[in-house]
1. From the backbone phi of the range 41-57, what are the Karplus-calculated ³J(HN,Hα) couplings (6.51 cos²θ - 1.76 cosθ + 1.60, θ = phi - 60°) in whole Hz, Gly and Pro given as x?
2. Placing one identical point scatterer on every Cα of the range 119-176 and ignoring solvent, what is log10 I(q)/I(0) from the Debye formula at q = 0.19 Å⁻¹?
3. Determine ³J(HN,Hα), in whole Hz, for all residues of the range 151-164 in sequence, where each value follows from phi through the Karplus function 6.51 cos²θ - 1.76 cosθ + 1.60 and θ = phi - 60°; x replaces Gly and Pro.
4. When you count, for each residue, the other Cβ atoms within 10 Å and take the mean per peptide, how do 100-111, 120-131 rank with the highest first?
5. Please give me the summed charge of the neighbours of I190: other residues whose Cβ is under 13 Å from its Cβ, Lys and Arg +1, Asp and Glu -1.
6. Taking every DSSP beta bridge that has both residues in the chain, what percent is antiparallel when rounded to the nearest 5?
7. Rolling a 1.4 angstrom probe over the protein heavy atoms, how many square angstrom per residue are accessible across the chain?
8. Excluding E122 itself, what net charge comes from residues whose Cβ is under 12 Å from its Cβ, given Lys and Arg +1 and Asp and Glu -1?
Amino acid sequence: MEKKQAVTLDNGNQMPALAYGTWKIENGPATTEAVLQAVEAGYRHIDTAAAYGNDFASGKAVKKCGLLRDELFITNKLWMAYGGYDETITACKRTLKLMKLEYLDAYLVHWPASPARYTDWEEKNLETWRGMEQLLREGLVKNIGVSNFLPVHLRSILENASVRPVLNQFEMHPGKKQKELTAFCIQNRICPMAWSPTGHGALLQNEVIQKIAEETGKSPAQVCLKYVLEKGLSLVCRSVRPERMRENLELFDFSLNPEQMRAIDELEGIGDSGLHPDDPELETKLTHL
(Lines give C-alpha, C1' and ligand atoms only; values in the text may rest on other atoms or scores of the structure.)
Protein backbone atom coordinates (compact mmCIF):
# COMPACT_ATOMS: atom_id res chain seq x y z
CA MET A 1 0.00 0.00 0.00
CA GLU A 2 1.40 3.39 -0.92
CA LYS A 3 1.88 5.64 2.06
CA LYS A 4 -0.25 8.37 0.49
CA GLN A 5 -3.14 5.92 0.24
CA ALA A 6 -3.07 5.14 3.95
CA VAL A 7 -3.79 7.14 7.10
CA THR A 8 -2.22 6.58 10.49
CA LEU A 9 -4.83 6.39 13.24
CA ASP A 10 -4.28 7.92 16.66
CA ASN A 11 -3.20 4.55 18.09
CA GLY A 12 -0.48 4.21 15.46
CA ASN A 13 -2.29 1.65 13.31
CA GLN A 14 -2.57 2.25 9.59
CA MET A 15 -5.82 2.20 7.61
CA PRO A 16 -6.29 2.42 3.82
CA ALA A 17 -7.80 5.84 3.14
CA LEU A 18 -10.22 4.56 0.50
CA ALA A 19 -12.74 1.91 1.51
CA TYR A 20 -15.07 -0.12 -0.67
CA GLY A 21 -18.59 0.11 0.76
CA THR A 22 -21.17 -2.68 0.59
CA TRP A 23 -24.31 -0.76 1.57
CA LYS A 24 -27.36 -1.67 -0.54
CA ILE A 25 -25.65 -4.60 -2.24
CA GLU A 26 -27.94 -7.61 -1.98
CA ASN A 27 -26.71 -10.40 0.28
CA GLY A 28 -25.49 -13.46 -1.58
CA PRO A 29 -23.49 -13.93 -4.79
CA ALA A 30 -23.91 -10.26 -5.78
CA THR A 31 -22.05 -9.06 -2.70
CA THR A 32 -19.38 -11.75 -2.90
CA GLU A 33 -18.70 -10.93 -6.55
CA ALA A 34 -18.67 -7.17 -5.93
CA VAL A 35 -16.16 -7.47 -3.08
CA LEU A 36 -13.97 -9.82 -5.12
CA GLN A 37 -13.99 -7.33 -8.01
CA ALA A 38 -13.18 -4.49 -5.60
CA VAL A 39 -10.17 -6.36 -4.24
CA GLU A 40 -9.04 -7.11 -7.79
CA ALA A 41 -9.39 -3.41 -8.63
CA GLY A 42 -7.05 -2.56 -5.75
CA TYR A 43 -9.19 -1.92 -2.68
CA ARG A 44 -7.67 -3.16 0.54
CA HIS A 45 -10.32 -1.75 2.88
CA ILE A 46 -13.80 -3.35 2.86
CA ASP A 47 -16.56 -1.54 4.75
CA THR A 48 -19.70 -3.37 5.80
CA ALA A 49 -22.17 -3.47 8.69
CA ALA A 50 -24.57 -5.80 10.45
CA ALA A 51 -27.44 -3.62 9.23
CA TYR A 52 -26.49 -4.21 5.59
CA GLY A 53 -27.34 -7.89 5.95
CA ASN A 54 -24.42 -9.07 3.79
CA ASP A 55 -21.83 -10.07 6.40
CA PHE A 56 -21.71 -13.70 5.28
CA ALA A 57 -21.28 -12.84 1.59
CA SER A 58 -18.62 -10.22 2.34
CA GLY A 59 -16.71 -12.67 4.52
CA LYS A 60 -16.89 -15.28 1.79
CA ALA A 61 -15.19 -12.86 -0.60
CA VAL A 62 -12.43 -12.19 1.95
CA LYS A 63 -11.74 -15.92 2.08
CA LYS A 64 -11.83 -16.34 -1.72
CA CYS A 65 -9.85 -13.28 -2.81
CA GLY A 66 -6.43 -14.90 -2.51
CA LEU A 67 -4.89 -12.27 -0.23
CA LEU A 68 -3.55 -12.92 3.24
CA ARG A 69 -5.84 -11.72 6.02
CA ASP A 70 -3.40 -9.04 7.15
CA GLU A 71 -3.37 -7.56 3.65
CA LEU A 72 -7.00 -6.49 4.06
CA PHE A 73 -8.61 -4.01 6.44
CA ILE A 74 -12.18 -5.07 7.33
CA THR A 75 -14.57 -2.62 8.98
CA ASN A 76 -17.94 -3.61 10.41
CA LYS A 77 -20.52 -1.75 12.47
CA LEU A 78 -22.66 -2.44 15.52
CA TRP A 79 -26.35 -1.82 14.87
CA MET A 80 -28.11 0.51 17.32
CA ALA A 81 -30.53 -2.20 18.45
CA TYR A 82 -27.59 -4.19 19.85
CA GLY A 83 -26.25 -1.44 22.12
CA GLY A 84 -25.16 -2.13 25.69
CA TYR A 85 -22.12 -3.84 27.19
CA ASP A 86 -23.10 -7.50 26.83
CA GLU A 87 -25.10 -6.92 23.66
CA THR A 88 -22.13 -5.26 21.96
CA ILE A 89 -19.83 -8.18 22.68
CA THR A 90 -22.45 -10.70 21.58
CA ALA A 91 -23.16 -8.79 18.36
CA CYS A 92 -19.49 -8.58 17.42
CA LYS A 93 -18.97 -12.30 18.01
CA ARG A 94 -22.03 -13.00 15.86
CA THR A 95 -20.56 -10.86 13.07
CA LEU A 96 -17.20 -12.62 13.28
CA LYS A 97 -18.95 -15.98 13.09
CA LEU A 98 -20.98 -14.92 10.05
CA MET A 99 -17.92 -13.54 8.29
CA LYS A 100 -15.76 -16.48 9.42
CA LEU A 101 -13.08 -14.10 10.65
CA GLU A 102 -10.94 -14.21 13.78
CA TYR A 103 -10.89 -10.43 14.15
CA LEU A 104 -12.10 -7.16 12.64
CA ASP A 105 -9.68 -4.38 11.80
CA ALA A 106 -12.25 -1.77 12.83
CA TYR A 107 -15.55 -2.04 14.66
CA LEU A 108 -17.78 1.03 14.80
CA VAL A 109 -20.93 1.97 16.71
CA HIS A 110 -23.18 2.57 13.71
CA TRP A 111 -25.44 5.27 15.21
CA PRO A 112 -25.45 6.90 18.66
CA ALA A 113 -28.16 6.80 21.25
CA SER A 114 -29.35 10.41 21.22
CA PRO A 115 -31.35 12.82 23.40
CA ALA A 116 -34.22 12.76 20.91
CA ARG A 117 -34.72 9.01 21.36
CA TYR A 118 -33.52 8.16 24.87
CA THR A 119 -33.59 9.96 28.21
CA ASP A 120 -30.53 7.97 29.34
CA TRP A 121 -28.69 8.35 26.03
CA GLU A 122 -25.30 9.17 27.54
CA GLU A 123 -25.38 6.09 29.77
CA LYS A 124 -26.41 3.93 26.80
CA ASN A 125 -23.52 5.21 24.68
CA LEU A 126 -21.02 4.71 27.51
CA GLU A 127 -22.21 1.16 28.19
CA THR A 128 -21.91 0.34 24.52
CA TRP A 129 -18.46 1.89 24.42
CA ARG A 130 -17.32 -0.18 27.40
CA GLY A 131 -18.31 -3.22 25.37
CA MET A 132 -16.21 -1.92 22.48
CA GLU A 133 -13.22 -1.50 24.79
CA GLN A 134 -13.63 -5.08 26.01
CA LEU A 135 -13.64 -6.36 22.42
CA LEU A 136 -10.37 -4.52 21.91
CA ARG A 137 -8.86 -6.08 25.03
CA GLU A 138 -9.91 -9.55 23.88
CA GLY A 139 -8.23 -9.02 20.51
CA LEU A 140 -11.48 -9.49 18.57
CA VAL A 141 -11.07 -6.03 17.04
CA LYS A 142 -7.96 -3.95 16.37
CA ASN A 143 -9.50 -0.48 16.26
CA ILE A 144 -12.72 0.90 17.70
CA GLY A 145 -14.66 3.93 16.57
CA VAL A 146 -18.05 5.36 15.83
CA SER A 147 -20.26 6.32 12.91
CA ASN A 148 -22.66 9.27 12.61
CA PHE A 149 -21.67 10.66 16.01
CA LEU A 150 -21.84 14.43 16.50
CA PRO A 151 -19.71 16.34 19.04
CA VAL A 152 -22.53 16.16 21.60
CA HIS A 153 -22.41 12.36 21.44
CA LEU A 154 -18.63 12.15 21.41
CA ARG A 155 -17.84 14.41 24.36
CA SER A 156 -19.01 12.06 27.12
CA ILE A 157 -17.05 9.19 25.57
CA LEU A 158 -13.91 11.31 25.27
CA GLU A 159 -14.30 12.43 28.90
CA ASN A 160 -15.00 8.99 30.38
CA ALA A 161 -13.49 6.31 28.16
CA SER A 162 -10.18 4.58 28.77
CA VAL A 163 -9.77 4.11 25.00
CA ARG A 164 -10.62 6.95 22.63
CA PRO A 165 -12.46 6.41 19.32
CA VAL A 166 -9.96 6.45 16.47
CA LEU A 167 -12.49 6.81 13.66
CA ASN A 168 -15.82 8.52 12.96
CA GLN A 169 -17.71 7.81 9.75
CA PHE A 170 -20.36 10.35 8.77
CA GLU A 171 -22.07 11.80 5.71
CA MET A 172 -19.84 14.39 4.05
CA HIS A 173 -19.56 15.56 0.45
CA PRO A 174 -19.38 18.80 -1.56
CA GLY A 175 -23.09 19.38 -0.93
CA LYS A 176 -22.88 18.77 2.83
CA LYS A 177 -19.60 20.04 4.27
CA GLN A 178 -19.87 19.09 7.98
CA LYS A 179 -17.18 21.66 8.79
CA GLU A 180 -17.71 21.76 12.55
CA LEU A 181 -17.87 17.99 12.92
CA THR A 182 -14.78 17.47 10.78
CA ALA A 183 -12.85 20.09 12.76
CA PHE A 184 -13.97 18.54 16.06
CA CYS A 185 -12.77 15.11 14.98
CA ILE A 186 -9.41 16.38 13.79
CA GLN A 187 -8.93 18.43 16.97
CA ASN A 188 -9.61 15.32 19.06
CA ARG A 189 -7.40 13.04 16.96
CA ILE A 190 -10.36 11.07 15.57
CA CYS A 191 -9.96 10.18 11.91
CA PRO A 192 -12.96 11.61 9.99
CA MET A 193 -14.25 9.37 7.22
CA ALA A 194 -16.93 10.34 4.69
CA TRP A 195 -19.73 8.14 3.48
CA SER A 196 -21.73 9.04 0.36
CA PRO A 197 -18.96 11.35 -0.99
CA THR A 198 -20.94 12.01 -4.20
CA GLY A 199 -24.11 13.03 -2.33
CA HIS A 200 -25.92 9.84 -3.34
CA GLY A 201 -25.09 10.69 -6.94
CA ALA A 202 -26.84 14.07 -6.88
CA LEU A 203 -23.57 15.98 -7.33
CA LEU A 204 -22.58 14.16 -10.51
CA GLN A 205 -24.91 16.36 -12.58
CA ASN A 206 -23.90 19.60 -10.87
CA GLU A 207 -22.54 22.19 -13.33
CA VAL A 208 -19.67 23.27 -11.05
CA ILE A 209 -18.52 19.69 -10.51
CA GLN A 210 -18.85 18.90 -14.22
CA LYS A 211 -16.84 22.00 -15.20
CA ILE A 212 -14.00 21.05 -12.85
CA ALA A 213 -14.11 17.49 -14.17
CA GLU A 214 -13.53 18.84 -17.68
CA GLU A 215 -10.68 21.07 -16.46
CA THR A 216 -8.91 18.21 -14.69
CA GLY A 217 -9.64 15.48 -17.22
CA LYS A 218 -11.33 13.47 -14.50
CA SER A 219 -14.89 12.29 -13.90
CA PRO A 220 -17.39 14.20 -11.71
CA ALA A 221 -17.20 11.35 -9.19
CA GLN A 222 -13.42 11.63 -8.99
CA VAL A 223 -13.72 15.38 -8.40
CA CYS A 224 -16.13 14.81 -5.50
CA LEU A 225 -13.92 12.15 -3.95
CA LYS A 226 -10.77 14.23 -4.37
CA TYR A 227 -12.46 17.19 -2.68
CA VAL A 228 -13.21 15.02 0.35
CA LEU A 229 -9.59 13.85 0.50
CA GLU A 230 -8.33 17.43 0.16
CA LYS A 231 -10.45 18.36 3.19
CA GLY A 232 -8.58 15.81 5.27
CA LEU A 233 -11.08 12.95 5.35
CA SER A 234 -10.82 9.33 4.34
CA LEU A 235 -13.81 7.99 2.44
CA VAL A 236 -16.09 5.08 1.62
CA CYS A 237 -17.15 4.73 -2.01
CA ARG A 238 -19.41 2.17 -3.61
CA SER A 239 -20.04 0.90 -7.12
CA VAL A 240 -20.86 -2.53 -8.52
CA ARG A 241 -19.25 -1.71 -11.88
CA PRO A 242 -15.57 -2.75 -12.08
CA GLU A 243 -14.61 0.23 -14.26
CA ARG A 244 -16.08 2.63 -11.69
CA MET A 245 -14.35 0.77 -8.87
CA ARG A 246 -11.01 1.34 -10.57
CA GLU A 247 -11.86 4.94 -11.40
CA ASN A 248 -12.70 5.72 -7.77
CA LEU A 249 -9.21 4.63 -6.75
CA GLU A 250 -7.46 6.92 -9.24
CA LEU A 251 -7.33 9.98 -7.03
CA PHE A 252 -3.65 10.40 -6.31
CA ASP A 253 -2.40 11.59 -9.69
CA PHE A 254 -4.12 15.00 -9.70
CA SER A 255 -4.97 17.91 -7.43
CA LEU A 256 -7.70 20.52 -7.27
CA ASN A 257 -6.33 24.05 -7.42
CA PRO A 258 -7.41 26.76 -4.93
CA GLU A 259 -9.92 28.27 -7.36
CA GLN A 260 -11.57 24.88 -7.93
CA MET A 261 -11.68 24.18 -4.20
CA ARG A 262 -13.29 27.58 -3.56
CA ALA A 263 -15.93 26.91 -6.23
CA ILE A 264 -16.82 23.61 -4.58
CA ASP A 265 -16.76 25.24 -1.13
CA GLU A 266 -19.64 27.43 -2.25
CA LEU A 267 -21.89 24.45 -3.01
CA GLU A 268 -24.32 23.54 -0.24
CA GLY A 269 -27.63 21.76 0.25
CA ILE A 270 -27.12 19.19 -2.50
CA GLY A 271 -27.49 15.43 -2.05
CA ASP A 272 -28.21 15.44 1.69
CA SER A 273 -29.64 12.08 2.79
CA GLY A 274 -31.76 13.78 5.45
CA LEU A 275 -30.58 11.28 8.04
CA HIS A 276 -29.70 12.87 11.39
CA PRO A 277 -28.67 11.04 14.58
CA ASP A 278 -30.99 13.21 16.70
CA ASP A 279 -34.07 12.60 14.54
CA PRO A 280 -36.77 10.89 16.69
CA GLU A 281 -37.85 8.95 13.59
CA LEU A 282 -34.35 7.85 12.61
CA GLU A 283 -34.82 4.12 13.08
CA THR A 284 -38.03 4.16 11.05
CA LYS A 285 -36.36 6.08 8.22
CA LEU A 286 -33.38 3.74 8.17
CA THR A 287 -35.56 0.65 7.89
CA HIS A 288 -37.24 2.11 4.78
CA LEU A 289 -34.05 2.96 2.90
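The values are calculated or read from the model by the stated rules, or taken from the named source; none is laboratory data. Everything numeric here is computed off the predicted structure, so don't read it as measured data. Using ideal geometry, Cβ is built from the backbone for each residue, glycine included, and neighbour counts are taken over all protein chains shown. Note: areas computed on protein heavy atoms with side chains; ligands, DNA, RNA excluded. Shrake-Rupley method; radii C 1.70, N 1.55, O 1.52, S 1.80 Å.
1. Couplings: 5, x, 5, 10, 10, 10, 10, 9, 6, 4, 5, 6, x, 10, 4, 4, 5 Hz.
2. Listed by q, the Debye log ratios stand at -0.70.
3. x, 4, 7, 7, 4, 5, 5, 4, 7, 10, 7, 7, 10, 7
4. Numbers: 100-111: 21.1, 120-131: 18.9.
My ranking of the peptides, most packed first, is 100-111, 120-131.
5. Numbers: positive: R155, R164, R189; negative: D10.
My count for the surroundings of I190 gives +2.
6. Values: 4 of 30 bridges.
Taking every DSSP beta bridge within the chain, about 15 percent pair in antiparallel fashion.
7. Details: 13130 Å² over 289 residues.
Using a 1.4 Å probe on heavy atoms only, each residue of the chain averages 45 Å².
8. Values: positive: K124, R155; negative: D120, E123, E127, E159.
That sum, taken over residues with Cβ under 12 Å, equals -2.
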